[in-house]
Number of protein chains: 2
Amino acid sequence: MTIRRLSIYTRCLLQLEEDGVKTVSSQELAERFNLNSAQVRKDLAYFGEFGVRGIGYYVAGLKAELQRILGLDREWAVVLVGFGNLGSALFHYKGFTRQGFKVVAIVDENPTKIGREVERVPVIASRDMAREVKARGIQIAILAVPVEAAQAVTDELVAAGIRAVLNFAPTRLRVPRDVRLNNVDLSIELETLSFYLAKSAR
Amino acid sequence: MTIRRLSIYTRCLLQLEEDGVKTVSSQELAERFNLNSAQVRKDLAYFGEFGVRGIGYYVAGLKAELQRILGLDREWAVVLVGFGNLGSALFHYKGFTRQGFKVVAIVDENPTKIGREVERVPVIASRDMAREVKARGIQIAILAVPVEAAQAVTDELVAAGIRAVLNFAPTRLRVPRDVRLNNVDLSIELETLSFYLAKSAR
């Protein structure tokens, strides 16, 4: 099962829990959230221990188990590098906090930003980045810097102990094998839309 | 084959073309771009007509075919709704333009922004949105508005003729069956990272 689908199920279960739903069948889950019902049935079969024959799954129990697998049962300190439009948008993105990701330091080059605090999070200079990452034991970095700066920043982060990078710069970064790298390419999302529009026009 | 993988292959082929590579085998493609080699071989087998036995695939021909399938052989006019930090970051995101998506109108509520032009693209008021979408025959909308506004804006866009919505507001929107909706949930990307960190800590 892909990690992505685990994430999506977790999200759906959180929503059901908020709505006060106690148990759910794989078919109900698929219908309510527009998922592939055969796929959901197959995926959730791995979690049989949270199921009740003829009824479905315990929402709270299954959710907690998926969160544990995804590492969402704890808080992760995150360093956000780059505080332009994108960095600022990511900082204020509600979804991160909700899932236990907490930006504890913002790094930027702009002297007018350095030394400020944004919602109690300090904006520090690039030259202080490595020290801060080490001192706080930060393992995850979000990269929202220009393409030209991305590789150098990554190298420095990795040397300072970062083990996972979420990269928004549209460039291919090199990292050591034991560092996880996720590239977010926003245009892929638009392309699945143009695919359907083009198909229906044919 | 998922549309997402088609997008990724297209991107890799574009890169190879820029590097002056004329032909590529599925194994080379997989190695160079860190993809699953069995999956690449299986996927590309659909495009046998662009292959040369013992050599691989013609980069230019295969790329053009994938672009045609993805609807990237034409320009798509896009309306961007919401011009705060995220909207602004998306507007300047290079990846969209490179793939043929052109923001032709920006919609915002802020009176200090309305009437301005950003790189020759006009910022218009919400009350003029529907008229502009109709007049220009815009089919794709990018939504970067607050959660509270997202459903109302979507309803208005759909009524005005929008057929595909890329939604960044972290909420579940309702659209008619014939309208495509893609939700971008940025925290899913962080969760695949925490999964690996948590796994290696166990």
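Just so you know, all these numbers are worked out from the coordinates, no wet-lab data involved. Please read these numbers as outputs of a predicted model, since none were measured by experiment. Every residue, glycine among them, receives a Cβ derived from its backbone with ideal geometry; neighbour counts consider all protein chains shown.
Summary of values
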{"quantity": "Likely footprinting exposure, A:174, A:4, B:163, fewest C-beta neighbours within 10 Å first", "calculated": "A:174, A:4, B:163"}
{"quantity": "Sparse-neighbourhood loop sites, GluC sites (Glu not before Pro) in segment A:61-167 - DSSP loop, at most 13 other Cβ within 10 angstrom", "calculated": "A:75, A:119"}
{"quantity": "Pairs of lysines in segment B:63-202 (C-alpha under 26 Å apart; 8 or more residues apart or interchain)", "calculated": "7"}
{"quantity": "Pseudo-label separations to other copies for residue B:15 - Cα-to-Cβ vector, 7 Å, nm", "calculated": "3.3"}
{"quantity": "Kirkwood estimate for the protein assembly as shown, i.e. one over the average of 1/r between Cα atoms, Å", "calculated": "23.0"}
{"quantity": "Cβ-defined net charge surrounding residue B:171, 12 Å radius [Lys, Arg +1; Asp, Glu -1]", "calculated": "+2"}
{"quantity": "Rg and Dmax of segment A:3-69, Cα atoms only, in Å", "calculated": "10.4, 27"}
{"quantity": "Relative counts (whole %) of C-alpha pair distances in segment B:76-187, using bins that are 10 Å wide", "calculated": "15, 53, 31, 2"}
{"quantity": "Potential lengthening between residue B:32 and residue B:149 on full extension [0.36 nm per residue; Cα-Cα distance subtracted]", "calculated": "37.8 nm"}
{"quantity": "Beta bridges by DSSP in chain B, antiparallel share as percent, to the nearest 5", "calculated": "25"}
{"quantity": "Theoretical gain in end-to-end length, residue A:19 to residue A:201 [0.36 nm per residue, Cα-Cα removed]", "calculated": "61.6 nm"}
{"quantity": "Two-site label geometry, residue A:177 and residue B:39: point separation in nm, points 7 Å out along Cα→Cβ", "calculated": "2.0"}
{"quantity": "Relative contact order, percent, chain A [alpha-carbon distance under 8 Å, six or more residues apart]", "calculated": "14"}
{"quantity": "Base-10 log of normalised Debye intensity for chain A (one unit scatterer per alpha-carbon) at q = 0.18 Å⁻¹", "calculated": "-1.17"}
{"quantity": "Tail beyond 23 Å, pair distance distribution of segment B:10-111 (Cα, percent)", "calculated": "42"}
